[in-house]
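> Got a structure here, written out as structure tokens. Questions coming.
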Amino acid sequence: MLSKKIKKDDIEKFLIENPDFFVQEPSILNKLEFPFMEGKKVKNVVSFKDWLIENLRGQKKDLINNAKYNYLTLKKVHKAVLEIINIKDIRSFFSYLTVKLPDYFELELINIVSFNKEISKKYDLLYLEMNELKNIYKSKNHLVLDVVDNQSSLYKKFKKKIFSNAIFSLDKKITGEFALLIFGSKDRHFVNNRAYDLILFLSQVIEFKLGEFFDEQLA
């Protein structure tokens, strides 16, 4: 227990102002007890050595899980890229993008957002008013992974709940307009930038393939 003369804030202030305190006085660590956490609850108190070992074990587990996740995602991305490259017509391309690819990556949504009503209706793309779309659009090839902005009207007409998303700003030289490629998940799939480089690569491949079709069939 803290004495009445020494408050928790005093200890915190002292440690912040003296970050090398335990380096200078390492023996003190052997006299302290640290919380062993299980979820958000303190399960037990342990020595510094045991606390450190447990934390390192947890970090190692997270690293292994991330490596497994990235490896599996890499395999899926490579397969999807090969299939995208071999698609011959634009209708098949959009069908693959919006129907098959979400199931393959276990997502709620993969689609292109356009303010062109005719194109959106023809190819079953998502439609958004130009002013609203421009507010979301960043510089070309910009990718952001984040929790969904509840103030955005992007998913208001979409029946499934989207919790996190990846939004890629397509190059206007290819699409001829402001347009977005979006990936939507019902869970935290796109939080903390997991597999950012792989999603960016897949987005660029989709953009490249769209460019092959655009001048000929979307003019």
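The values are calculated or read from the model by the stated rules, or taken from the named source; none is laboratory data. Quick caveat: nothing in here was measured; it's all calculated off a predicted structure. Here Cβ is always computed from backbone atoms with ideal geometry, including for glycine, and neighbour counts include all displayed protein chains.
> Any chance the range 39-50 includes a residue that's of a type in the set (Asp, Glu), exposed (fewer than 12 other Cβ atoms within 10 Å of the Cβ) and modelled with pLDDT under 80? Show your work before the answer.
Going residue by residue through the range 39-50, those that are of a type in the set (Asp, Glu) are 50.
Retained after the next criterion (residues that are exposed (fewer than 12 other Cβ atoms within 10 Å of the Cβ)): none.
For the range 39-50, residues of a type in the set (Asp, Glu), exposed (fewer than 12 other Cβ atoms within 10 Å of the Cβ) and modelled with pLDDT under 80: absent.
> Every residue in the range 105-155 that is of a type in the set (Gly, Ala, Ser) and farther than 25 Å from Asn192 by Cβ, please. Walk me through it before giving the result.
Pass one, the range 105-155, residues of a type in the set (Gly, Ala, Ser): 114, 120, 139, 152-153.
Scanning the range 105-155 gives Ser114, Ser120, Ser153.
> Exactly one condition in (1) at pLDDT below 75; (2) part of a helix (DSSP H, G or I); (3) among the polar types (S, T, N, Q) is not met by Ser3; state its number.
(2)
> Select, from Leu82, Leu56, Leu101, Leu97, the only residue that is surrounded by fewer than 16 Cβ atoms within 10 Å (Cβ to Cβ), modelled with pLDDT of 80 or more and assigned to a helix (DSSP H, G or I).
Values: Leu56 fails: modelled with pLDDT of 80 or more; Leu101 fails: surrounded by fewer than 16 Cβ atoms within 10 Å (Cβ to Cβ); Leu97 fails: surrounded by fewer than 16 Cβ atoms within 10 Å (Cβ to Cβ).
The conditions single out Leu82.
> Additional query: Among the residues of the range 59-79, which ones are at pLDDT 65 or above, among the basic types (Lys, Arg) and either closer than 30 Å to Lys31 by Cβ or loosely packed, with under 15 Cβ neighbours inside 10 Å (or both)?
Within the range 59-79, Lys68, Lys75, Lys79 qualify.
> For the range 6-24, what are the residues that are surrounded by fewer than 10 Cβ atoms within 10 Å (Cβ to Cβ) and not in a helix (DSSP H, G or I)? I'd like the intermediate steps shown before the answer.
Going through the range 6-24, the residues surrounded by fewer than 10 Cβ atoms within 10 Å (Cβ to Cβ) turn out to be 8-9, 16-17, 19-20, 23-24.
Within the range 6-24, Pro19, Asp20 qualify.
> What's the number of the condition Asn111 fails, among (1) modelled with pLDDT under 90; (2) within 22 Å of Arg188 (Cα to Cα)?
The number of the failed condition is (1).
> Got a number for residues in the range 180-201 being surrounded by 21 or more Cβ atoms within 10 Å (Cβ to Cβ) and at positive phi?
Total meeting the criteria: 1.
> Inside the range 115-131, can you point out the residues that are closer than 15 Å to Ile182 by Cα and charged (D, E, K, R)?
The initial filter retains those residues of the range 115-131 that are closer than 15 Å to Ile182 by Cα, namely 115, 120, 124-128.
Passing the criteria: only Asp124.
> State all residues of the range 105-136 that are within 17 Å of the chain's Cα centre (by Cα) and of a type outside the set (D, E, K, R); if no residue qualifies, say none.
Phe105, Leu107, Leu109, Ile110, Asn111, Ile136
> Still on this structure, I have one more. Go through the range 170-214 residue by residue and tally those that are modelled with pLDDT of 90 or more and of a type in the set (Ser, Thr, Tyr).
Adding up the residues that qualify gives 2.
> When you go through Gly211, Gly184 one by one, which is the residue that is within 26 Å of Arg91 (Cβ to Cβ), of a type in the set (Gly, Ala, Ser) and touching a strand residue (DSSP E or B) at 6+ places or on another chain (Cβ under 6 Å)?
Numbers: Gly211 fails: touching a strand residue (DSSP E or B) at 6+ places or on another chain (Cβ under 6 Å).
When all the criteria are applied, what remains is Gly184.
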